[in-house]
Amino acid sequence: MPSSPTPRRRRGRGELEAQVLAALCAAPGPVGAAWVRDRIGGGLAYTTVITTLTRLLAKGAVGREKAGRSFAWSPAADGSWLAALRMRRVLDGESDREAVLASFVTALSPDDERLLRGLLHEAEDPRATQDTGDPEDTGDT
């Protein structure tokens, strides 16, 4: 009796985009969609990779340049940019932004909270990012 094919695991939301972006970040330079498909594996259709690259292009996460009759793709952003985009989408989908942000902040580890406070401080005062040579210096005087 022939065995039935193993069902494929369904990717999580944004997982394929993250995999495509990670492959582009590891590429030696601009590459074609077939190169990306080969690196990701999993039996993806070429058209699926093209669709994903086109969506990433619309989000500003990748760039493309003409290469013969097709395109060569390169990352315009890294994986952290894509994760931040997903976080913003989740936040935008909630009616009570304040409650969501409050829950998020209270669940942070002390180190992550310190990091977030520092990033917010830098966003308020870009001069705070000036390097004084002291890694412990936060720019406060």
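The values are calculated or read from the model by the stated rules, or taken from the named source; none is laboratory data. Since the model is a prediction, treat every value here as computed from it, not as a measurement. Cβ coordinates were reconstructed from backbone atoms using ideal geometry, including for glycine residues, and neighbour counts include every protein chain displayed. In case anyone asks, the SASA skips ligands and DNA or RNA and just uses the protein heavy atoms, side chains included. Shrake-Rupley method; radii C 1.70, N 1.55, O 1.52, S 1.80 Å.
Descriptive notes on the structure:
- Of all residues assigned to the range 59-66, at least one qualifies as being at pLDDT 95 or above, outside any helix (DSSP H, G or I) and out of contact with any helix residue (DSSP H, G or I) (no Cβ under 9 Å at 6 or more places or on another chain).
- Counted residues, the range 14-34 - those being out of contact with any helix residue (DSSP H, G or I) (no Cβ under 8 Å at 6 or more places or on another chain) and either within 14 Å of residue 79 (Cα to Cα) or open to solvent by 50 Å² or more (accessible area, probe 1.4 Å) (or both): 3
- Close pairs (6 angstrom Cβ cut-off, 6 or more residues apart or separate chains): farther than 16 Å from residue 83 by Cα in the range 43-65, among the aliphatic types (A, V, I, L, M) and open to solvent by 60 Å² or more (accessible area, probe 1.4 Å) anywhere: 63/76
- Look at (1) over 21 Å from the mean Cα position of the chain (by Cα); (2) modelled with pLDDT of 90 or more and you find that residue 134 fails only one, number (2).
- Answer residue from the range 73-96, given it is part of a helix (DSSP H, G or I) and open to solvent by 80 Å² or more (accessible area, probe 1.4 Å) and is nearest to residue 25 (Cα to Cα) among those: 86
Yes/no matrix, rows are residues, columns are (1) at pLDDT 85 or above; (2) aliphatic (A, V, I, L, M):
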{"site": "82", "(1), (2)": "no, yes"}
{"site": "86", "(1), (2)": "no, no"}
{"site": "95", "(1), (2)": "yes, no"}
{"site": "104", "(1), (2)": "yes, no"}
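- Neighbours by Cβ (under 8 Å, 6+ apart or cross-chain): first from the range 19-34, within 13 Å of residue 53 (Cα to Cα) and outside any helix (DSSP H, G or I); second open to solvent by 10 Å² or more (accessible area, probe 1.4 Å) and modelled with pLDDT under 95: 30/67; 32/67; 32/70
- Pairs linking a residue in the range 88-115 that is under 22 Å from residue 59 (Cβ atoms) to a residue that is open to solvent by 100 Å² or more (accessible area, probe 1.4 Å) and assigned to a helix (DSSP H, G or I), with Cβ atoms under 8 Å and 6 or more positions apart or on different chains, are 91/97.
- Restricting the range 66-82 to residues that are hydroxyl-bearing (Ser, Thr, Tyr) and free of Cβ contacts under 8 Å to residues at least 40 places away in the same chain, the residue that is nearest to residue 14 (Cα to Cα): 80
- Within the set 58, 107, 45, 99, the sole residue that is closer than 13 Å to residue 17 by Cβ and exposed (fewer than 12 other Cβ atoms within 10 Å of the Cβ) turns out to be 58.
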